[in-house]
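**Student:** The structure's right below; bear with me while I get my questions together.
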Amino acid sequence: MSLVTAKDLRKDYRTGEMVIQAIRGVDFAIEPASFVCFVGPSGSGKTTLLNMIGCLDHPTEGFLTIADTDVSTLDQRSAAAFRGEHIGFVFQDFNLIPVLTAYENIEYPLIMVQKWPVGRRKARVHSLLEAAGISDQADKRPDQLSGGQKQRVAVARALVTNPKLVLADEPTANLDHETAYRIIELMRHLRDEFETTFVFSTHDPKIMAEAEVTYVLEDGHLHQEPGSAEGAQ
Ligand code: ADP
Ligand code: MG
């Protein structure tokens with residue numbers, strides 16, 4: 001059973017009289033514990049597609065299920081609850097809270113979303129700091145961390161609630177190539193360790209090569225890159 005299934009998924013943006021067809025009828029399936037990339041130039045629809053998978057925006061038409069739930073019609077409140085339980089997010093510009101330390105940033109979803117008791121929280125945050133290779137940065141605030149370290153904190157934060165799916169929209173766009181490669185390598189390692197499904201987007205062909213399954217977006221149309229594993233595993 002696929003974790004994410006999309007059938008004839010479409011997204012139009014309407015601004016006044018204008019209709020922009022950002023996603024024009026795409027089909028795909030994402031398997032549990034797979035490592036999937038959507039690649040395409042700026043404006044091809046990556047963010048639009050990831051926002052729909054992340055239940056941040058509704059499809060205009062089509063079918064989208066995640067973990068056996070039809071998410072295309074969830075109201076705002078149900079979508080927020082669904083995200084809190086099933087989905088972690090990593091952003092291009094890290095989106096860490098500047099006044100909190102690395103430890104506190106990672107702990108935040110456990111307090112705000114899942115309301116874990118304090119002892120259980122502490123053990124979980126420490127295990128994520130270690131898994132992300134940043135135990136020695138726990139007490140630093142974001143402005144004391146490098147870009148790569150910030151993104152490691154963000155990846156650890158995305159995973160702390162043990163979501164089934166982590167979505168990363170251009171997570172390496174603000175990093176140099178070597179650091180970008182290491183972040184993708186970290187995500188892949190964490191996929192192996194926690195069996196979390198990772199879906200990321202990029203416009204960088206070198207980064208795309210690290211994925212097991214690659215989908216190419218062009219003007220809202222999707223095709224699977226030849227040679228990438230069909231549905232993975
Ligand atoms: P990418 O992330 O690949 O750069 P986007 O999903 O952001 O692509 O954009 C796809 C298309 O949809 C582009 O033509 C973009 O201008 C348009 N678009 C994206 N968001 C909006 C919006 N909120 N309103 C209107 N048009 C949008
Ligand atoms: Mg984008």
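**Student:** Among the residues of the stretch 46-55 satisfying the criterion of being within 16 Å of ligand 2 (Cβ to nearest atom) and either within 22 Å of THR196 (Cβ to Cβ) or free of Cβ contacts under 8 Å to residues at least 24 places away in the same chain (or both), which is surrounded by the fewest Cβ atoms within 10 Å (Cβ to Cβ)?
**Tutor:** Ranking the candidates gives ASN51 first.
**Student:** Filter the stretch 12-41 for residues that are among the hydroxyl-bearing types (Ser, Thr, Tyr), surrounded by fewer than 20 Cβ atoms within 10 Å (Cβ to Cβ) and at pLDDT 95 or above and give the result.
**Tutor:** Scanning the stretch 12-41 gives a single hit, TYR13.
**Student:** Which residue out of VAL216, VAL199, VAL153 is in a helix (DSSP H, G or I) and among the hydrophobic types (A, V, I, L, M, F, W, C)?
**Tutor:** That would be VAL153, the only listed residue that is in a helix (DSSP H, G or I) and among the hydrophobic types (A, V, I, L, M, F, W, C).
**Student:** Somewhere in the stretch 56-79, is a residue hydrophobic (A, V, I, L, M, F, W, C), within 16 Å of ligand 1 (Cβ to nearest atom), within 27 Å of ALA173 (Cα to Cα) and free of Cβ contacts under 8 Å to residues at least 40 places away in the same chain?
**Tutor:** Checking the stretch 56-79: at least one residue is hydrophobic (A, V, I, L, M, F, W, C), within 16 Å of ligand 1 (Cβ to nearest atom), within 27 Å of ALA173 (Cα to Cα) and free of Cβ contacts under 8 Å to residues at least 40 places away in the same chain.
**Student:** So which residues in the stretch 19-51 are near ligand 1 (Cβ under 7 Å from one of its atoms) and in a strand (DSSP E or B), if there are any at all?
**Tutor:** Listed by number, the residues that qualify are ILE20, ALA22.
**Student:** Can you tell me which of GLY88, GLY40 is in contact with a Pro (Cβ under 6 Å, 6 or more places away or on another chain), in contact (Cβ under 8 Å) with a residue 24 or more places away in the chain and either among the small types (Gly, Ala, Ser) or away from ligand 2 (no atom under 16 Å from the Cβ) (or both)?
**Tutor:** GLY88
**Student:** Among THR172, THR161, which is assigned to a loop (DSSP other than H, G, I, E, B), in contact with a Pro (Cβ under 8 Å, 6 or more places away or on another chain) and not aromatic (Phe, Trp, Tyr)?
**Tutor:** So the residue among THR172, THR161 that is assigned to a loop (DSSP other than H, G, I, E, B), in contact with a Pro (Cβ under 8 Å, 6 or more places away or on another chain) and not aromatic (Phe, Trp, Tyr) is THR161.
**Student:** Here's something else I'd like to know. Report yes if some residue within the stretch 150-173 is surrounded by 14 or more Cβ atoms within 10 Å (Cβ to Cβ) and more than 16 Å from the chain's Cα centre (by Cα); otherwise report no.
**Tutor:** No, there is no match, as no residue in the stretch 150-173 is surrounded by 14 or more Cβ atoms within 10 Å (Cβ to Cβ) and more than 16 Å from the chain's Cα centre (by Cα).
**Student:** Output the residues belonging to the stretch 198-216 that are within 15 Å of ligand 2 (Cβ to nearest atom), of a type in the set (Phe, Trp, Tyr) and touching a Phe, Trp or Tyr at 6+ places or on another chain (Cβ under 7 Å).
**Tutor:** Result: TYR215, single match.
**Student:** Filter the stretch 104-120 for residues that are touching a helix residue (DSSP H, G or I) at 6+ places or on another chain (Cβ under 6 Å) and at pLDDT 95 or above; which is farthest from ligand 1 (Cβ to nearest atom)?
**Tutor:** So, considering only residues that are touching a helix residue (DSSP H, G or I) at 6+ places or on another chain (Cβ under 6 Å) and at pLDDT 95 or above, the one farthest from ligand 1 (Cβ to nearest atom) is GLU107.
**Student:** Against the condition within 18 Å of the chain's Cα centre (by Cα), within 16 Å of ligand 1 (Cβ to nearest atom) and touching a residue at least 12 places away in the same chain (Cβ under 8 Å), how does THR5 come out, does it pass?
**Tutor:** So THR5 fails the test.
The values are calculated or read from the model by the stated rules, or taken from the named source; none is laboratory data. Source: prediction; values computed, not measured. Please note: Cβ atoms are built from the backbone with ideal geometry, for glycine as well, and neighbour counts cover all protein chains shown.
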